[in-house]
Amino acid sequence: MNPDHTHSDAAPILQMTGIDKRFTGVHALKQVDFRLLPGEVHTLMGQNGAGKSTLINVLTGVFAPDNGEILLEGEPVRFASPKQAESYGVRTLYQEVNLCTNLSVAENIYAGRQPMRQGKIDWAAMREGAQAALARLNIALDVSKALDYYPIAIQQMVAIARALSVDARVLILDEPTSSLDEDEVARLFAVLRQLKRSRIAILFVTHFLEQTYAISDRITVMRNGERVGEYLPRDLPPAQLVAKMVGHEGIGKRLEETAAQLAEQLDRREAASGTPLPPFVEMRGLGRRGQMQPVDIEIRRGEILGLAGLLGSGRTETARLLFGVDRSDTGDVAFDGAPFKLRSPHDAVGQGIGYCPEDRKREGIVAELSIRENIVLALQAKLGWRRFIRRKQQRAIADDYIKRLGIKASDAEQPIGLLSGGNQQKVLLARWLATEPQLLILDEPTRGIDVAAKFEIMDQMLALCAKGLGILFISSEVSEVTRVSHRVAVLRDRSKIAELSGREATDENIYRLISGASE
């Protein structure tokens with residue numbers, strides 16, 4: 001191991017030594033060492049493409065290592081499949097919820113191990129056990145209802161409950177908090193601390209720096225398929241962690257620089273005109289019964305309007321109304337002062353609106369199509385199928401955005417379903433940038449994306465704002481909203497409760513408004 005690793009008297013429950021893995025044209029893992037101690041949370045950090053998921057897949061039997069050794073409690077193992085890994089007490093929860101949404105919550109929690117009675121499934125016992133599994137996360141819900149009845153965050157919590165419902169020696173959590181709000185994250189972390197006391201070893205993968213320092217006992221950093229080092233959190237400040245992930249120093253200052261650039265950019269535009277810029281998009285009392293209270297929102301050219309609020313506050317509902325995914329039954333929309341009939345996403349695209357949805361798997365990408373086909377999809381729809389974009393032009397557009405956004409892929413013909421979540425998100429961004437929109441709605445565009453990729457997206461936002469593009473930016477990370485937004489609309493209980501700008505738009509003020517402490 002590297003000389004900077006931490007030492008412990010406890011014997012590792014899991015030891016991976018010299019793990020090597022190659023795919024066609026890619027050296028994914030290069031002599032990687034990793035160890036996991038009983039009763040700890042060990043966080044694995046790195047950019048998309050650093051090798052984190054590949055290391056987990058080698059451990060759990062998805063891929064066979066080309067070289068290296070895996071020891072579980074001192075005994076050599078090499079799992080042939082995730083199912084065999086589970087039989088040894090190695091349980092994995094992946095970033096994207098991998099459950100059957102047409103089945104009930106109880107059936108999902110007990111899939112493959114249903115309690116039986118006299119040769120038949122004991123439904124009562126299964127429902128009781130499912131409720132008990134969810135109770136560990138302080139969740140009470142009707143487990144007989146289909147999983148797709150519940151929102152993404154609840155589906156993620158059900159997946160976590162399933163992973164915890166079977167005794168495990170090693171629990172692997174790959175981005176488990178990507179769809180959770182702060183209260184749900186705190187609830188999950190409380191459960192993880194309970195599991196630590198039971199001597200369960202937890203391998204935790206996340207892109208959230210704050211969560212890393214809130215829950216980690218140790219941190220291993222990976223970059224370009226190699227292990228950079230193993231550290232105690234107290235010995236690795238966030239700026240150093242980011243620098244080790246991306247491979248050079250100084251990037252930790254980019255957050256502050258980006259915020260300063262945004263502020264200066266809008267100040268220059270307003271100083272040139274002498275007055276605040278008028279809104280070019282206005283939502284006037286736009287709402288939908290049972291989903292969103294009537295809301296007033298204005299967006300100016302060349303600015304980023306952030307939407308802040310907890311899960312269920314109405315952030316996504318607002319975005320869907322503005323893009324025409326859901327039809328409003330109150331209010332109207334105006335562009336440059338002129339009323340506009342917004343009846344469908346087709347109308348929105350024609351008006352110059354682009355929309356990157358929160359759930360990229362179900363509502364964004366078309367997994368069976370190539371990167372090229374996914375990128376040109378919206379542009380082709382905008383032009384109409386009578387003005388078909390020729391294959392050569394499609395490839396040129398796709399290659400351009402692959403380069404501009406740093407999309408990691410073999411080429412533009414690679415199926416998008418084979419990309420990492422972060423690279424899929426970049427393809428979605430490219431799809432809408434190719435349409436040259438006037439307004440871009442970004443709903444959780446940085447979820448599941450590494451720090452460097454976040455910077456790249458922020459750079460793109462800056463460049464687009466400089467050209468006059470308006471952006472509606474939604475993120476569950478309040479600090480991210482305040483960092484990149486010129487103004488912030490605060491939502492609670494599916495209603496807009498405040499709008500902040502300048503020095504008022506602080507994390508503290510927004511949390512106070514969200515909690516109701518200001519009332």
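Karplus couplings for segment 154-163 from phi (6.51 cos²θ - 1.76 cosθ + 1.60, θ = phi - 60°), rounded to Hz, Gly and Pro as x?
Computed from phi, the couplings for segment 154-163 are 5, 4, 5, 5, 5, 4, 5, 4, 4, 5 Hz.
May I ask you to list the GluC sites (Glu not before Pro) in segment 334-443 that are in a DSSP loop and have at most 14 other Cβ atoms within 10 Å of their Cβ?
Numbers: sites: Glu358, Glu363, Glu368, Glu373, Glu413; in loops: Glu358, Glu368, Glu413.
The qualifying sites are Glu368, Glu413.
As I understand it, the dipole of segment 382-518 uses +1 on the Cβ of Lys and Arg and -1 on the Cβ of Asp and Glu, about the Cα centre. Which of Gln393, Gln425, Met458 lies farthest toward its positive end?
Of the listed residues, the answer is Gln393.
Could I have the simple spin-label model distance between Ala334 and Leu418, label points 7 Å from Cα toward Cβ, reported in nm to one decimal?
5.1 nm
Let me check against my output: what whole-number percent is the relative contact order of segment 98-154, with C-alpha pairs under 8 Å and at least 6 apart? Can you show the working numbers first?
Values: 53 pairs, mean separation 26.4, N = 57.
Averaging sequence separation for qualifying contacts and normalising by length gives 46 percent for segment 98-154.
To the nearest 10 degrees, how steeply does helix 254-273 sit against the main Cα axis of the chain, on a 0 to 90 scale?
With both axes taken from Cα atoms, the answer is about 10 degrees.
Calculate the FRET efficiency for Met116 and Ala140 from the Cβ-Cβ distance with a Förster distance of 35 Å, rounded to the nearest 0.05. It would help to have the intermediate numbers written out before the result.
On the way: r = 26 Å, r/R0 = 0.74.
According to the calculation, E is roughly 0.85.
Which of the trypsin sites (Lys or Arg not before Pro) found in segment 297-327 are loop residues per DSSP with 15 or fewer other Cβ atoms within 10 Å of their Cβ? Show your work: numbers first, answer last.
Values: sites: Arg300, Arg301, Arg315, Arg320, Arg327; in loops: Arg301, Arg327.
The qualifying sites are Arg327.
Report, to two decimal places, the Cα Rg of segment 463-519 normalised by 2.2 N^0.38 Å (N = number of residues). Present the calculation step by step, with values, prior to reporting the outcome.
Numbers: Rg = 12.1 Å, N = 57, 2.2 N^0.38 = 10.2 Å.
Rg over 2.2 N^0.38 Å, computed on Cα atoms: 1.18.
Which of the chymotrypsin sites (Phe, Trp or Tyr not before Pro) across segment 374-408 are loop residues per DSSP, with 15 or fewer other Cβ within 10 Å? Kindly include the intermediate steps, with their values, before the conclusion.
Values: sites: Trp385, Phe388, Tyr401; in loops: Trp385, Phe388.
Qualifying residues, ordered by number: Trp385, Phe388.
Hey, what D do you get for segment 361-405 in µm²/s if you plug the Kirkwood alpha-carbon radius into Stokes-Einstein at 37 °C and 0.692 mPa s?
Details: Rh = 11.2 Å.
Here the translational diffusion coefficient equals 294 µm²/s.
Given 10 Å bins starting at zero, what is the percent of C-alpha pairs of the chain in each, up to the one with the largest pair distance?
Final binned percentages: 4, 17, 27, 27, 17, 7, 1, 0, 0.
Given points 7 Å out from each Cα along the Cα-Cβ axis, report the Phe23 to Ala463 separation in nanometres with one decimal.
2.6 nm
When the helix-only estimate is applied to the chain (DSSP H runs of n ≥ 4, each -39,500 (n - 2.57), divided by the residue count), what is the mean residue ellipticity at 222 nm, nearest 500 deg cm²/dmol? Walk me through the numbers on the way to the answer.
Details: 17 runs with 185 residues, N = 519.
My calculation for the chain gives -11000 deg cm²/dmol from helical runs alone.
Give me the extension gain from Asp66 to Ala11: residue separation times 0.36 nm, minus the current Cα-Cα distance, reported in nm with one decimal. Each step should come with its number before you reach the end.
Values: separation 55, 0.36 × 55 = 19.80 nm, distance 2.57 nm.
Extra length available between Asp66 and Ala11 comes to 17.2 nm.
Wrap a convex hull around the Cα atoms of segment 361-519, take a quarter of its surface area, and give that in square nanometres.
Mean orientational projected area (segment 361-519, Cα hull): 10.7 nm².
Could you tell me which residue out of Val41, Val158, Ala132 lies farthest along the dipole of the chain toward its positive end? Charges go on the beta carbon: Lys and Arg +1, Asp and Glu -1, centred on the Cα centre.
Of the candidates, Val158 comes out farthest on the positive side.
Treating segment 364-442 as a set of equal point scatterers at the Cα positions, no solvent, please give the Debye-formula log₁₀ I(q)/I(0) at q = 0.14, 0.18 Å⁻¹.
Values, matching the q order: -0.39, -0.65.
Computed from the coordinates by the stated procedures, all read-outs in this text should not be read as laboratory data. Quick caveat, the model's predicted, so the values are computed rather than measured. Glycine gets a Cβ as well: all are built from the backbone with ideal geometry, and neighbour counts include every protein chain shown.
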